[in-house]
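The next block holds one structure in the form of structure tokens; read it before the comments.
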Amino acid sequence: MAEKTDRAPKEKSHHQGKLEKAVLEKSVATTFNEAKKEWDLLYIYKQAQGGVCICGHSPIVDHCVLRNHLNSRRLVVGNVCVEKFNSEQFQLSSLAFKCLGNMKKDEKKRANDALLKFARDQGLITEKDYNFYSEVRLKRRRISGKQRDYIDSLNKTMVFAFTHPPQICKGCEQHVWAKQSRAGKLYYRCNPCSVFLDAETTN
């Protein structure tokens with residue numbers, strides 16, 4: 001009979017260690033397993049030039065901005081580290097990013113439910129838009145040429161917004177999504193404050 005041997009516990013990777021340290025520094029809890037329960041997914045976006053995850057990995061294209069519901073602090077993580085938080089909303093982000101990547105290549109592709117939910121929750125589309133798009137996506141209704149054009153316009157709104165980092169309005173401290181003018185220019189406008197924002201202050 002073979003003799004049993006004790007196995008040493010698997011060491012954490014360099015990035016995993018940095019992730020846990022960064023999360024704990026901005027959390028109330030003192031252990032990572034408890035601390036990660038404090039964080040909610042605030043919004044997502046893609047950025048072509050890439051950024052840096054709190055674990056130190058760079059560049060990242062898919063950005064997930066998290067907010068701690070106990071102290072309102074924020075973190076930016078990539079689409080790999082966000083899965084460490086084991087929440088349904090974080091798992092949906094990977095589905096949304098995959099769909100967004102496909103739609104960026106072809107804006108006539110249909111959005112999946114994950115991306116539609118993010119767009120609805122961020123105010124990019126209305127509840128009515130969400131319900132209509134969902135029926136079309138599930139092929140529960142035929143649509144006219146005019147309705148197809150409307151779907152295409154929703155696609156453009158979602159793709160443009162989610163491929164630019166939102167800006168923070170100093171008046172209401174809310175994030176504002178990028179929009180595209182008829183001339184094709186990027187702009188940010190906070191509707192509650194009725195002001196245009198400079199495209200500089202992200203997250």
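The values are calculated or read from the model by the stated rules, or taken from the named source; none is laboratory data. Here the structure is a predicted model, which means the values were calculated and not measured. Every residue, glycine as well, gets a Cβ built from its backbone with ideal geometry; the counts of neighbours run over all protein chains shown.
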Of all residues in the stretch 172-197, which are surrounded by 14 or more Cβ atoms within 10 Å (Cβ to Cβ) and basic (Lys, Arg)? LYS179, ARG189
Out of (1) under 21 Å from ALA96 (Cβ atoms); (2) at pLDDT below 95; (3) surrounded by 12 or more Cβ atoms within 10 Å (Cβ to Cβ); (4) not aromatic (Phe, Trp, Tyr), what's the single condition that is false for ILE143? (1)
Filter result (modelled with pLDDT of 95 or more and assigned to a helix (DSSP H, G or I)) within the stretch 119-130: ALA119, ARG120, GLU127, LYS128, ASP129, TYR130
Residues of the stretch 41-50 being within 14 Å of the chain's Cα centre (by Cα) and of a type in the set (S, T, N, Q), in sequence order, are GLN47
Test for ILE44: is it surrounded by 19 or more Cβ atoms within 10 Å (Cβ to Cβ), without any contact (Cβ under 8 Å) to a residue 24 or more places away in the chain and not charged (D, E, K, R): no
The stretch 51-72 - residue that is loosely packed, with under 15 Cβ neighbours inside 10 Å and of a type outside the set (A, V, I, L, M, F, W, C) and, of those, farthest from the chain's Cα centre (by Cα): ASN71
Name, by its number, the condition in (1) outside any helix (DSSP H, G or I); (2) closer than 25 Å to LEU41 by Cα that does not hold for LYS98. (1)
Taking the stretch 116-145 and the residues there that are among the β-branched types (Val, Ile, Thr) and in contact (Cβ under 8 Å) with a residue 12 or more places away in the chain, the one that is nearest to GLN89 (Cα to Cα) would be ILE125
